[in-house]
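The values are calculated or read from the model by the stated rules, or taken from the named source; none is laboratory data. Because the structure is predicted, anything quoted here is derived from the model rather than measured. FYI the Cβ positions are ideal-geometry reconstructions off the backbone, even for glycines, and counts take in every protein chain you see. These accessible areas exclude ligands, DNA and RNA; they are computed on the full protein's heavy atoms, side chains included. Shrake-Rupley method; radii C 1.70, N 1.55, O 1.52, S 1.80 Å.
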Amino acid sequence: MALQIGDTAPNFDAETTEGNINFYDWAGDSWVVIFSHPKDFTPVCTTELGAMAGIADQFAARNTKIIGLSVDSVDDHQRWKKDIADATGNAVHYPMIGDTEMTVAKLFGMIHPNATGKAAERTAADNKTVRTVFVIGPDREVKLTLAYPMSTGRNFDEILRVLDSIQLTAKHKVATPVNWQNGDDVIIVPAVSDEEAKEKFPQGWKSPKPYIRLVSQPED
């Protein structure tokens, strides 16, 4: 079964391009973005891993670690990293999991539990469902899942936007409206009564409908 929002992300041990890790130990008290790929040396994924390397510092500024995965070997990943740097100008320094037995992919529900075959013999089409994004909180809870087709490159600016929203709403009793960007007005969640809202947001709020209460983004 695929992981759902609110599930506890499973722990695992894996070989990566940065050495062997235990996922929980590696994650520590950070947020984590896991993004997975059907196959090394594929065009769309090459652009994605390079783009992610180029904005790695923006994730680090949000106390977020990033880690890649495909059902290929670490040796293949190391060779692919050279291509990624050549093609995109960005060197990959975050870990990439070598998941040749599809262990992690199956744990996270990225691939059919009965999938078999050697990694080197499997094609990108065989692994087309291994193209997902998970955002996991410091509490190990899954906060976001996204799945993309192989032909569509992911928008990592959107992942940063969602991460900002999740981190903000984890601290304050607010939600973010459509197309929200960091600094825009937010919504007071329905669970907060008007009396409590007056205490939390003494500056008041705009209310185009009784159940919509828009307020300036709270300060961290």
Considering only protein heavy atoms, with the full assembly of protein chains and a 1.4 angstrom probe, order Asp76, Asp184 by accessible area, largest first.
Asp184, Asp76
Just to make sure I understand: if all protein chains stay in place, what is the order of Arg79, Arg62 by accessible area at 1.4 Å, largest first?
Arg79, Arg62
Computed FRET value (nearest 0.05) for Ser151 with Ser30, which takes r as the C-beta separation and R₀ as 25 Å
0.20
Ignoring everything but the protein chains, give the 1.4 Å probe accessible area of Lys209 in square angstrom, nearest 10.
100 Å²
Any lysines whose Cα falls less than 26 Å from that of Lys171, other than same-chain ones fewer than 8 residues away, would be Lys65, Lys143, Lys198, Lys200, Lys206, Lys209
Normalised by the residues of the chain, what does the relative contact order come to in percent, with Cα pairs under 8 Å and at least six apart?
22 percent
For the pair Phe41 and Asn20, the simple spin-label estimate (label points 7 Å beyond Cα toward Cβ) gives in nm 2.8 nm
Leaving out ligands and nucleic acids, and using a 1.4 Å probe, what accessible area per residue does the chain come to in Å²?
51 Å²
Just to make sure I understand: if all protein chains stay in place, what is the order of Arg140, Arg122 by accessible area at 1.4 Å, largest first?
Arg140, Arg122
Sites Gln58 and Lys200 - FRET efficiency at Förster radius 22 Å, r taken between beta-carbons, to 0.05
0.15
How far is the Cα center of region 62-106 from the Cα center of region 115-175, in Å?
15 Å
Round to a whole number: what % of the accessible area of region 29-166 belongs to carbon and sulfur, probe 1.4 Å?
51 percent
Straight-line reach only, C-alpha to C-alpha below 15 angstrom: list the aspartates and glutamates that Lys39 could link to, leaving out same-chain residues fewer than 8 apart.
Glu48, Asp72, Asp75, Asp76, Asp83, Asp99, Glu101, Glu121, Asp126
Please work out how much length the chain gains when fully extended from Glu121 to Asp86, using 0.36 nm per residue of separation minus the C-alpha to C-alpha distance, in nm with one decimal.
10.0 nm
Taking the Cα centre of the chain as origin and charging only Cβ (+1 Lys, Arg; -1 Asp, Glu), how large is the dipole, in debye to the nearest 20?
580 debye
Among Val135, Gly117, Phe12, which residue has its Cα furthest toward the positive end of the charge dipole of the chain, with +1 on Lys/Arg Cβ and -1 on Asp/Glu Cβ?
Val135
